[in-house]
1. Among the residues that make up the range 35-42, is at least one of them aliphatic (A, V, I, L, M) and either in a loop (DSSP other than H, G, I, E, B) or open to solvent by less than 50 Å² (accessible area, probe 1.4 Å) (or both)?
2. Among the residues of the range 43-61, how many are outside any helix (DSSP H, G or I) and either over 11 Å from the mean Cα position of the chain (by Cα) or among the polar types (S, T, N, Q) (or both)?
Amino acid sequence: MTNHTLGDQVLQIPLSDRWRIYHRLQELKINCSCPPDGSLRVQVNNLLEVILIRSTVMQLLASRYELLEWLERCWHYSDES
């Protein structure tokens, strides 16, 4: 990831899940807002925040199959180290 992808980002989140993700990101101390236009805007300052945001969105929106694949990839990478 390059620096030009950091900064203000608009996440395409279904309205039904937007508030749950917003509140979780607030708990993680990640600056975000839900403006009246229905979007979820996130201030991304570093790669750790990128990982936390991705993890939060995946946890709430990914299918069981996607989550299992992700977990298996993590285990695979931990075996290599």
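The values are calculated or read from the model by the stated rules, or taken from the named source; none is laboratory data. Since the structure is predicted, the reported quantities are computational estimates derived from the model, not experimental observations. Note: areas computed on protein heavy atoms with side chains; ligands, DNA, RNA excluded. Shrake-Rupley method; radii C 1.70, N 1.55, O 1.52, S 1.80 Å.
1. The answer is yes; a qualifying residue exists.
2. 3
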